[in-house]
Amino acid sequence: MNDRGGVIVSGGGIGGLAAALAASRAGWEVRLFEGAPAFSEVGAGIQLGPNVVKVLHGWGLTEALQAVAAFPDRLQVCNAVSGQPLGELPLGDAMVQRYGAAYATVHRADLHRLLLSAVQQQDVKFHLGRPLQSFSQTAQAVTVQAGALEIEADALIGADGLWSTVRQRLLGDGLPRQTGHLAYRALLPQASLPAHLRSSHITAWLGPRLHVVHYPVRAGEWLNVVAIVQGQLEGDLDQWDHNHHAGELAAALAGTCTALQDLIAAIDGWRVWALCDRPPMAGAHQQAVGRVALLGDAAHPMLPYLAQGAGMALEDAAELGHALMQALDPAFDVPTMLQRYALNRWQRNARVQARALRNGQIFHADGLVRWGRDMALKLLGERLLDVPWLYGATPRQA
Ligand code: FAD
């Protein structure tokens, strides 16, 4: 089959759906290729800073988000060993007043579903179970191959995640690096927990070579828990693994305070994920070349220690929509506008990647550094925990 025109998005995760939504709202015909036979999202939570919530507001998704998210009243940071509170950042209304939107926490599947429903209201064509295998581009067009299908388009957006095929073909810069950090994730109904373990805020426990974060999702009815420890995982890095690692997690958390151990002991179903990333972006050439652009984890996979990986994918999509809208003007062309998209995004993405890396070192510190961290948090908690350059941004949208 041969066809022509419009924008092709490879990947139907949070980033790919957001890209499809933005491109189609900008006036483009969009086709989305997803390798899996059906859309799905892992059972885990996700934090959305006010910068990200503003992107969703801009797409008219305020009510849809309100229906499924929780809006924690504060972020509280504690020492995982002593159990002592170290510092706090008010969220809720304080974020709305300071940055123009709330700080939300949401189940990934709920966020994915609300984006999918918005995309379905646009005229986007889905090709499920069709992994994009390769592409070639000229000054006039990009041609993608997915099985027997060959399609020519004006632009290709690689939103195909950490192990991106589009990135491999575009940049050929090797695989992501293993960080030696493992994320154990669990989701459970708050009602299944004893009252003292239920929570309506975000809590981060910082310990030597580990940290644990938990927060409410699904309008506060479920609790999402993620425990990060240092170690290696055997087997396929792009697959989730299961319960049998719970013993290893318990061993890694031995020596932490009772409140934290009680919570961990109350959970039986963990999934574990070996965290991979890439060094912070080095230039716009890593986000777009000619008629092909990268978005989300395909462009800038990062450690989740600033809780902004999906957030940056959504911000990318907002900027992409703006660029693609301008590309419809005869005065501009697609490669120029994708270049502008890349120029407007790469430095912020790189900064977020770098900050996530640094947070990892601070969160997992031991010895004197840990002591200094705890003192600083006690003295300057709110100032250290707030990130105005990140939360204060208001993305441009088509
Ligand atoms: P993905 O979600 O990986 O989606 C890629 C999609 O492309 C998939 O559907 C895949 O099937 C498809 N695909 C792959 N290859 C092909 C192909 N060849 N053709 C077609 N389709 C293909 N971010 C936050 O903002 N806040 C958080 O609190 C947060 N917490 C996190 C906690 C942990 C433990 C982890 C691991 C990550 C966290 N993140 C968080 C990061 C966030 O999960 C990712 O940044 C985000 O999911 C990236 O979305 P994506 O759409 O770019 O990639």
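The values are calculated or read from the model by the stated rules, or taken from the named source; none is laboratory data. Remember, predicted model here, so these are calculated numbers, not experimental data. Cβ coordinates were reconstructed from backbone atoms using ideal geometry, including for glycine residues, and neighbour counts include every protein chain displayed.
Got a number for residues in the stretch 256-294 being over 28 Å from residue 222 (Cβ atoms) and either surrounded by fewer than 17 Cβ atoms within 10 Å (Cβ to Cβ) or modelled with pLDDT under 90 (or both)?
In the first step, residues of the stretch 256-294 are kept if they are over 28 Å from residue 222 (Cβ atoms); the result is 278-294.
This time we only want the ones that are either surrounded by fewer than 17 Cβ atoms within 10 Å (Cβ to Cβ) or modelled with pLDDT under 90 (or both), so: 279, 282-283, 285, 290.
Residues that pass the stated criteria total 5.
For the stretch 334-345, the condition holds for at least one residue, the condition being that it is within 20 Å of residue 141 (Cβ to Cβ), buried (at least 18 other Cβ atoms within 10 Å of the Cβ) and of a type in the set (S, T, N, Q).
When you scan the stretch 40-57, do you find a residue that is on the phi > 0 side of the Ramachandran plot, of a type in the set (Gly, Ala, Ser), in a loop (DSSP other than H, G, I, E, B) and within 12 Å of the ligand (Cβ to nearest atom), even just one? Outline the logic, then answer.
To start, the set of residues in the stretch 40-57 that are on the phi > 0 side of the Ramachandran plot comprises none.
No: the stretch 40-57 contains no residue that is on the phi > 0 side of the Ramachandran plot, of a type in the set (Gly, Ala, Ser), in a loop (DSSP other than H, G, I, E, B) and within 12 Å of the ligand (Cβ to nearest atom).
Within the stretch 349-398, the residues that satisfy the criterion of being of a type in the set (Lys, Arg) and in a helix (DSSP H, G or I) are 351, 355, 358, 370, 373, 378, 383. Residues satisfying the criterion are absent from the stretch 44-53 (criterion: hydrophobic (A, V, I, L, M, F, W, C), touching a Ser or Thr at 6+ places or on another chain (Cβ under 8 Å) and within 19 Å of residue 143 (Cβ to Cβ)). Please find, within the stretch 295-304, the residue that is surrounded by the most Cβ atoms within 10 Å (Cβ to Cβ) out of those that are part of a helix (DSSP H, G or I) and out of contact with any Ser or Thr (no Cβ under 6 Å at 6 or more places or on another chain). The selected residue is 296.
Residues 123, 110: which one is modelled with pLDDT under 95, under 30 Å from residue 6 (Cα atoms) and of a type in the set (D, E, K, R)? Break it down into steps so the answer makes sense when it comes.
On the way: 110 fails: modelled with pLDDT under 95.
Just one listed residue meets the conditions, 123.
Tally up the residues in the stretch 305-342 that are away from the ligand (no atom under 12 Å from the Cβ), small (Gly, Ala, Ser) and not in a helix (DSSP H, G or I), please. The qualifying residues number 1.
Determine which member of the set 42, 55 is surrounded by fewer than 23 Cβ atoms within 10 Å (Cβ to Cβ), under 17 Å from the mean Cα position of the chain (by Cα) and farther than 25 Å from residue 373 by Cα. Spell out how you get there, then give the answer.
Working: 55 fails: surrounded by fewer than 23 Cβ atoms within 10 Å (Cβ to Cβ).
The conditions single out 42.
In the stretch 146-195, which residue that is of a type in the set (S, T, N, Q) and near the ligand (Cβ under 9 Å from one of its atoms) is surrounded by the fewest Cβ atoms within 10 Å (Cβ to Cβ)? Checked the stretch 146-195; the qualifying residue surrounded by the fewest Cβ atoms within 10 Å (Cβ to Cβ) is 165. Would you pick out the residues in the stretch 133-145 that are part of a strand (DSSP E or B) and either on the phi > 0 side of the Ramachandran plot or surrounded by fewer than 16 Cβ atoms within 10 Å (Cβ to Cβ) (or both)? Listed by number, the residues that qualify are 134, 136, 145. Looking across the stretch 113-130, the residues that are under 21 Å from the mean Cα position of the chain (by Cα) and surrounded by fewer than 22 Cβ atoms within 10 Å (Cβ to Cβ) come down to 113, 114, 116, 117, 118.
In the stretch 330-359, what residues are basic (Lys, Arg) and out of contact with any helix residue (DSSP H, G or I) (no Cβ under 6 Å at 6 or more places or on another chain)? 348, 351, 355, 358 - these are the residues of the stretch 330-359 that are basic (Lys, Arg) and out of contact with any helix residue (DSSP H, G or I) (no Cβ under 6 Å at 6 or more places or on another chain).
Of the helices (runs of 4 or more DSSP H) contained entirely in the stretch 162-275, those carrying at least 1 residues that are free of Cβ contacts under 8 Å to residues at least 12 places away in the same chain and closer than 30 Å to residue 144 by Cα fall at 165-170.
If you go through the stretch 58-100 and keep only what is part of a strand (DSSP E or B) and within 30 Å of residue 23 (Cα to Cα), you end up with just 70. Annotation note: Cβ proximity below 6 Å between a residue of the stretch 30-55 that is within 21 Å of residue 148 (Cα to Cα) and a residue that is more than 10 Å from the ligand (Cβ to nearest atom) and in a helix (DSSP H, G or I) (sequence gap 6+ or interchain) occurs for 30/20; 30/23; 30/24; 32/20.
Residues that are part of a loop (DSSP other than H, G, I, E, B) and within 8 Å of the ligand (Cβ to nearest atom) within the stretch 1-21 comprise 11, 12, 13, listed in sequence order. Remark: pairs (first residue in the stretch 61-86, modelled with pLDDT of 95 or more; second residue assigned to a loop (DSSP other than H, G, I, E, B) and exposed (fewer than 14 other Cβ atoms within 10 Å of the Cβ); Cβ separation under 7 Å; 6+ apart in sequence or on different chains) = 78/84; 81/255.
Among residues of the stretch 282-299 that are basic (Lys, Arg), those with a beta-carbon under 8 Å from a residue that is modelled with pLDDT of 95 or more and in a loop (DSSP other than H, G, I, E, B) at least six positions away or on a different chain give the pairs 291/141; 291/154. Once the stretch 22-36 is narrowed to residues that are out of contact with any Leu (no Cβ under 6 Å at 6 or more places or on another chain) and within 12 Å of the ligand (Cβ to nearest atom), the residue that is farthest from residue 74 (Cα to Cα) is 31.
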